[in-house]
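Enquirer: Below is the structure I would like to discuss, written out as structure tokens.
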Amino acid sequence: MPRIAYLGPERTFTEQATRRLVDPATHELIPATTVAAALELVRLDKVDAAVVPVENSVEGSVPPTLDGLALGSPLVAIAETVLPVRFTVLVRPGTKAADVRTVTSHPHALAQVREWLAANLPNAAELATTSTAAAAVAVAEGTADAAITAPIAAEGSALTALAADIGDVADAVTRFLLVRKPGLVPAPTGNDRTSIVVVTENRPGSLSEVLVELALRGIDLCRIESRPTREKLGIYRFFLDFAGHIAEPRVGEALSALHRTCSDVRFLGSFARADGDSPPPPPGTGTAEFTEAAQWLTQVRAGGQA
Ligand SMILES: O=C(O)C(=O)Cc1ccccc1
């Protein structure tokens with residue numbers, strides 16, 4: 001049975017995402033304590049793939065995931081899913097809001113319930129945990145008084161809900177990736193995302209040159225953000241997601257151009273997109289036009305122009 005690591009323990013948002021990305025009847029789900037640990041299990045061949053959170057519609061990207069994919073031996077995403085995230089507050093039975101001195105959760109969960117915490121637990125100290133489900137364990141063990149969790153964490157737990165649906169933004173979603181060691185890229189579906197990391201030279205215009213390579217080929221940018229390279233201030237790694245698949249000529253040409261011109265390019269995968277439909281390519285940038293233009297060039301080079 002293929003083994004899939006995920007940010008655990010059981011009843012995290014990531015476990016729910018994993019159950020959407022792979023069939024639990026035919027895959028063994030292995031909880032890992034951190035994103036880095038889940039990715040390491042893949043790199044060490046202890047599991048076949050891992051599911052990790054990558055970005056949230058309210059709080060933005062998950063830095064350990066970006067760094068974990070950019071550094072270390074290459075890993076690629078082969079699928080994604082987008083999960084609604086709702087938050088519940090779990091406490092030991094009998095605990096009232098006035099009794100809560102400490103509230104614990106994953107930093108992304110704490111960041112998305114700011115308004116509720118300010119209104120209801122203004123004096124509680126925040127403690128970061130590795131996941132929302134780990135926060136529930138901490139409350140059950142008595143090392144914190146309240147946990148911000150996924151609704152599913154209440155099931156089968158001795159804890160009770162002090163409040164439910166407390167997110168600052170009601171329809172927040174998180175995107176999760178299924179990643180594994182590089183292998184066959186999933187076939188194009190017609191609505192795909194390609195994800196890369198580039199390091200550019202530190203000179204005027206180098207980032208805009210990256211964007212121009214995409215724009216010239218009608219490629220729709222979905223996300224761009226930077227993380228430090230850890231070398232010194234001012235040198236960044238840019239994470240770019242754009243519509244399209246590496247098998248498409250316009251995406252392949254753009255990636256080749258970036259490979260020629262950037263200090264470093266890492267391919268993080270081409271896979272079916274789960275966050276909506278990509279717009280059609282602008283005139284002159286579709287696969288048929290690229291193919292026809294390549295044929296034309298071959299003919300001209302061979303002296304065959306009519
Ligand atoms: O801690 C979890 O349950 C996770 O899966 C990470 C997370 C935390 C908050 C929102 C989305 C994902």
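The values are calculated or read from the model by the stated rules, or taken from the named source; none is laboratory data. What you are looking at is a predicted structure, and each value in this text was computed from that prediction instead of being measured. Counting neighbours? That spans all protein chains shown, and the Cβs are built from the backbone with ideal geometry, glycine included. SASA here: full protein model, heavy atoms, side chains in, ligands and nucleic acids out. Shrake-Rupley method; radii C 1.70, N 1.55, O 1.52, S 1.80 Å.
Enquirer: Farther than 23 Å from Glu10 by Cβ and at pLDDT below 95: does that describe Ala125? Before the answer, list the steps.
Expert: Values: farther than 23 Å from Glu10 by Cβ: yes; at pLDDT below 95: no.
Criteria not met by Ala125.
Conditions tested, residue by residue: (1) touching a residue at least 12 places away in the same chain (Cβ under 8 Å); (2) over 18 Å from Glu80 (Cβ atoms).
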{"position": "Thr194", "(1), (2)": "yes, no"}
{"position": "Asn202", "(1), (2)": "yes, yes"}
{"position": "Pro228", "(1), (2)": "no, yes"}
{"position": "Leu255", "(1), (2)": "yes, yes"}
{"position": "Ser270", "(1), (2)": "yes, no"}
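Enquirer: What pairs can you find where one residue is in region 82-106 and among the basic types (Lys, Arg), the other is away from the ligand (no atom under 16 Å from the Cβ), and their Cβ atoms are less than 7 Å apart, with a gap of 6+ or different chains?
Expert: That search, which allows pairs on different chains as well, returns Arg101/Ala124; Arg101/Ala125; Arg101/Asp145.
Enquirer: Please specify each residue of region 107-129 satisfying the condition of being open to solvent by 60 Å² or more (accessible area, probe 1.4 Å) and either near the ligand (Cβ under 9 Å from one of its atoms) or basic (Lys, Arg) (or both). Before the answer, list the steps.
Expert: Residues of region 107-129 that are open to solvent by 60 Å² or more (accessible area, probe 1.4 Å), as a first pass: 107, 114-115, 118-120, 122-123, 126-128.
Once the filter is applied, which keeps residues that are open to solvent by 60 Å² or more (accessible area, probe 1.4 Å) and either near the ligand (Cβ under 9 Å from one of its atoms) or basic (Lys, Arg) (or both), region 107-129 yields Pro107, Arg114.
Enquirer: Within the bounds of region 89-96, is there any residue that is open to solvent by 20 Å² or more (accessible area, probe 1.4 Å), within 14 Å of the ligand (Cβ to nearest atom) and in contact with a strand residue (DSSP E or B) (Cβ under 7 Å, 6 or more places away or on another chain)? Before the answer, list the steps.
Expert: Pass one, region 89-96, residues open to solvent by 20 Å² or more (accessible area, probe 1.4 Å): 92-96.
Still in the running and within 14 Å of the ligand (Cβ to nearest atom): none.
Scanning region 89-96, I find no residue that is open to solvent by 20 Å² or more (accessible area, probe 1.4 Å), within 14 Å of the ligand (Cβ to nearest atom) and in contact with a strand residue (DSSP E or B) (Cβ under 7 Å, 6 or more places away or on another chain), so the answer is no.
Enquirer: Here's another thing I want to ask about it. Sort out which residues of region 27-53 are open to solvent by less than 70 Å² (accessible area, probe 1.4 Å) and of a type in the set (Ser, Thr, Tyr), and write them in order of number.
Expert: Thr34
Enquirer: Identify all residues within region 52-81 that are within 18 Å of Leu268 (Cα to Cα), among the aliphatic types (A, V, I, L, M) and either touching a residue at least 12 places away in the same chain (Cβ under 8 Å) or in the same structural domain as Leu121 (by TED's automatic domain parsing) (or both); write none if there are none. Break it down stepwise before answering.
Expert: To start, the set of residues in region 52-81 that are within 18 Å of Leu268 (Cα to Cα) comprises 52-55, 61-81.
From the residues that got through so far, the ones that are among the aliphatic types (A, V, I, L, M) too are 52, 54, 62, 66, 69-71, 75-79.
Passing the criteria: Val52, Val54, Val62, Leu66, Leu69, Ala70, Leu75, Val76, Ala77, Ile78, Ala79.
Enquirer: Additional query: For region 1-60, enumerate the residues that are near the ligand (Cβ under 9 Å from one of its atoms) and of a type in the set (D, E, K, R).
Expert: Arg11, Glu15, Glu59
Enquirer: Filter region 81-111 down to the residues that are assigned to a loop (DSSP other than H, G, I, E, B) and either under 22 Å from Val51 (Cα atoms) or in contact with a Ser or Thr (Cβ under 9 Å, 6 or more places away or on another chain) (or both) and list them by number.
Expert: Within region 81-111, the first condition is being assigned to a loop (DSSP other than H, G, I, E, B), and the residues that meet it are 85-87, 92-96, 100-101, 106, 111.
Val85, Arg86, Phe87, Arg92, Pro93, Gly94, Thr95, His106, Ala111, listed by residue number.
Enquirer: Still on this structure: Out of all the residues in region 138-186, which are open to solvent by less than 40 Å² (accessible area, probe 1.4 Å), more than 30 Å from Gly72 (Cβ to Cβ) and assigned to a loop (DSSP other than H, G, I, E, B)?
Expert: Ala144, Asp145, Leu159, Ile166, Gly167
Enquirer: Out of Asp145, Asp168, Asp192, report the one residue that is within 16 Å of the ligand (Cβ to nearest atom) and charged (D, E, K, R).
Expert: Going through Asp145, Asp168, Asp192 in turn, just one is within 16 Å of the ligand (Cβ to nearest atom) and charged (D, E, K, R): Asp168.
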